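Student: Here's a structure for you.
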Amino acid sequence: MRLIIDTTELYKVKIYVIGGGAAGYFAAISAASTGNAQVTILEKSSNLLAKVKVSGGGRCNVTHSCFKPVDLSRRYPRGEKFLKKAFGKFMTTDTIQWFEDRGVTLKTEDDGRMFPVTDNSQTIIDCLQKEARNLGVTVKTRQEVQEILPSEEGGIWLSVKGGSERIFADKVIVTTGGSPKEAGLNWLKELGHAIEKPVPSLFTFNMPTEKVRELMGVAVPNAKVKVLGTKLESEGPLLITHWGMSGPAILRLSAWGARELADKQYQFKASINWLPEWKEEPFRAHLQKVRQEFGPRKVGNRNPFELPKRLWAYLIERMEISEEKRWADLSKKDWNKIVVTLLTDEYTVSGKTTFKEEFVTCGGVSLADIDVKTMESRVVKGLHFAGEVMDIDGITGGFNFQAAWTTGFVAGTSAAKDQAQ
């Protein structure tokens, strides 16, 4: 294999970014912004910024309106302490300002998620690609890096699949994203990095044996979900789907419980509190008021709990209470069924489904092997990381993209500036 050194612009730091996703583009742009770096992105596929395209249903959930590093870092099941320090260099406020400076205004929705005002992910893609072009970043697709070879004289050699030549880089930034299997990270493990076993995060619950699936499309503004036999619980909007349950409450629970649920092989029982604002004893007292107020009305015609109509009809059937029965005629057994079903409804979960096309993993390169100040490997000098290839992942709501912007910024600026010093 011949060794080729690019002799163009020798005075510049040659930085290669492996991966053309959000973290990769932001790292490349940040490095090129120093004016001291010649930056090239190597993407193994022909599809650039793929996750940006599908995020938020095609709208791109750019970040979240959480403006304190301490509070923001708590949204990351893996990487909280690490990111708390990194956010000191590039925060959500910096993300908002960065895009606004380039003509992209973000808006905040009621739940804190932030999107471009165009509600179109292509706006973010166009912005990133335009900025990269303006800064002279070279983007090469179908370039799968198979091997990283540190040079004893300094710098790093890259071996690309199908290539007859090795590429020399002063610095390399790995932004290949999460890997579904540990084997996908072997090329980094072989360099001496510890790898935290990757398992899925941000997934929905499959309930193939549960009739609740017939309510596909029903959304509950607020519910509390617990995984029985564990300490895992989450509260928030819940969506019933044709395969089971989804929505922020489920997705957050899957993120925090990624490893524990993987150990259970995604076979467990989930308890749903349809009225999380109520505890059992106060709720029982409230039911006496319900009985007095709605006594002559039929249970099926009057839902005193502001639950979706289809859900209420399903729950009545689940409780084996006739919808023709009047509230005043309910037995003690009926009232107990109402309490148990509305506050501790149980469902059998058998499997998971990836949330839309937004694949997120728990696991990756151990953070113990990465310097948070520079995102540089503690094992290989000149090798930096950004994004999900590290053992970092956040809950749903724009937090994974914010981690990509932050780590990409730190890795890119550090890689370029460090060489210049």
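The values are calculated or read from the model by the stated rules, or taken from the named source; none is laboratory data. All figures in this text were calculated on a predicted structure; none of them were measured in a lab. As a convention, Cβ positions derive from the backbone with ideal geometry for all residues, glycine included, and neighbour counts pool all protein chains shown.
Student: What single numbered condition from (1) surrounded by fewer than 22 Cβ atoms within 10 Å (Cβ to Cβ); (2) part of a helix (DSSP H, G or I); (3) not aliphatic (A, V, I, L, M) fails to hold for Lys226?
Tutor: Going through the list (1) surrounded by fewer than 22 Cβ atoms within 10 Å (Cβ to Cβ); (2) part of a helix (DSSP H, G or I); (3) not aliphatic (A, V, I, L, M), Lys226 breaks only (2).
Student: Further question: Within the stretch 265-274, does at least one residue satisfy the condition of being surrounded by 18 or more Cβ atoms within 10 Å (Cβ to Cβ) and not in a strand (DSSP E or B)?
Tutor: Within the stretch 265-274, one or more residues are surrounded by 18 or more Cβ atoms within 10 Å (Cβ to Cβ) and not in a strand (DSSP E or B).
Student: Mind listing whichever residues of the stretch 145-198 are farther than 17 Å from Lys14 by Cα, surrounded by 18 or more Cβ atoms within 10 Å (Cβ to Cβ) and touching a helix residue (DSSP H, G or I) at 6+ places or on another chain (Cβ under 8 Å)?
Tutor: Selection gives Thr176, Gly177, Gly178, Ser179, Leu185, Leu188, His193, Ile195, Pro198.
Student: Within the stretch 362-373, is even one residue of a type in the set (Asp, Glu), surrounded by fewer than 23 Cβ atoms within 10 Å (Cβ to Cβ), more than 20 Å from the chain's Cα centre (by Cα) and not assigned by TED's automatic domain parsing to the domain that holds Val227?
Tutor: Taking every residue of the stretch 362-373 in turn, at least one turns out to be of a type in the set (Asp, Glu), surrounded by fewer than 23 Cβ atoms within 10 Å (Cβ to Cβ), more than 20 Å from the chain's Cα centre (by Cα) and not assigned by TED's automatic domain parsing to the domain that holds Val227.
Student: How about the stretch 374-413: which of its residues are assigned to a helix (DSSP H, G or I) and either outside the structural domain of Ile148 (by TED's automatic domain parsing) or under 15 Å from the mean Cα position of the chain (by Cα) (or both)? Give the steps one after another, and end with the answer.
Tutor: Kept after step one, since they are assigned to a helix (DSSP H, G or I), are these residues of the stretch 374-413: 387-389, 399-413.
Hits for the stretch 374-413 are Gly387, Glu388, Val389, Phe399, Asn400, Phe401, Gln402, Ala403, Ala404, Trp405, Thr406, Thr407.
Student: Which residues, taken from the stretch 160-207, are closer than 22 Å to Ala37 by Cβ and outside any loop (DSSP other than H, G, I, E, B)?
Tutor: Within the stretch 160-207, the first condition is being closer than 22 Å to Ala37 by Cβ, and the residues that meet it are 160, 165-176.
Correct list: Val160, Glu165, Arg166, Ile167, Phe168, Ala169, Lys171, Val172, Ile173, Val174.
Student: Next question, about the same structure. For the stretch 95-150, which strands (runs of 3 or more DSSP E) that fit wholly inside it have 1 or more residues that are more than 29 Å from Phe67 (Cβ to Cβ)? Steps first, please.
Tutor: Numbers: elements: 106-108, 113-116, 138-141, 145-150.
The strands (runs of 3 or more DSSP E) meeting that bar are 138-141, 145-150.
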